[in-house]
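Input: a single structure, listed below in structure tokens.
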Amino acid sequence: MSQREAVVVAAWQYEPPYSFYDWTADADDLAELLGKQTREGKYFSAVGGDEELVGWFAFAYEGDCVGVGLGLRPDLTGRGLGLAYLQAGLAFATQRFTPSRFRLSVATFNERAIRVYERAGFSPLRTFDHATNGGIHPFLEMTRPA
């Protein structure tokens with residue numbers, strides 16, 4: 001992901017309650033996205049057939065597991081694109097990292113995303129409290145074989 005693309009992604013604003021995922025909601029997350037050293041090799045741009053930026057992925061290799069973060073451009077959410085988008089990102093990560101499994105975390109209120117992750121083969125592992133966006137919020141950790 002280039003600096004220009006990171007700045008574009010950082011400006012995306014989602015409709016409530018998904019505004020929880022706005023980058024400006026958490027200064028540490030925003031700094032990681034905008035910092036060249038913290039972004040490089042971890043954050044990847046997703047572009048459509050017209051070479052337009054449609055989303056991003058973040059991958060963190062942890063032993064035999066790859067942690068996955070992702071976001072779709074706000075105007076593309078809620079349109080049934082999530083499963084294909086996620087599968088494309090996982091295919092990229094499989095080729096690049098060859099993990100034995102994937103792991104991701106999602107805010108528990110985000111039932112729409114949880115359904116997509118379950119359809120992609122992820123299973124709930126545990127719930128935990130996560131400090132982000134100025135508070136403590138419940139998250140669900142999910143995993144699946146690569």
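Scan segment 54-73 and tell me whether some residue there is out of contact with any Cys (no Cβ under 8 Å at 6 or more places or on another chain), assigned to a strand (DSSP E or B), open to solvent by 40 Å² or more (accessible area, probe 1.4 Å) and at pLDDT 95 or above. Yes. The C-beta contact set for segment 114-139 (first residue within 18 Å of Tyr21 (Cβ to Cβ) and part of a helix (DSSP H, G or I), second residue open to solvent by less than 90 Å² (accessible area, probe 1.4 Å) and not aromatic (Phe, Trp, Tyr), distance under 7 angstrom, 6+ apart or interchain) comprises Ile114/Val106; Ile114/Leu140; Val116/Gly82; Val116/Leu83; Val116/Leu86; Tyr117/Leu104; Tyr117/Val106; Tyr117/Met142.
Can Ala31 be described as open to solvent by 30 Å² or more (accessible area, probe 1.4 Å), more than 24 Å from Gly135 (Cα to Cα), among the small types (Gly, Ala, Ser) and part of a helix (DSSP H, G or I)? For Ala31, the condition - open to solvent by 30 Å² or more (accessible area, probe 1.4 Å), more than 24 Å from Gly135 (Cα to Cα), among the small types (Gly, Ala, Ser) and part of a helix (DSSP H, G or I) - is not met. Residues that are farther than 27 Å from Ala27 by Cα and in a helix (DSSP H, G or I) were ranked within segment 94-113; the one that is least open to solvent (accessible area, probe 1.4 Å) is Phe97. Scan segment 34-53 for residues that are open to solvent by 60 Å² or more (accessible area, probe 1.4 Å) and farther than 15 Å from Ser2 by Cβ and the total you get is 2.
The values are calculated or read from the model by the stated rules, or taken from the named source; none is laboratory data. Quantities reported herein were computed from a predicted structural model and do not represent experimental measurements. We place every Cβ from the backbone using ideal geometry, glycine too, and count neighbours over all the protein chains shown. Protein only, heavy atoms only, side chains kept; ligands, DNA and RNA dropped before computing areas. Shrake-Rupley method; radii C 1.70, N 1.55, O 1.52, S 1.80 Å.
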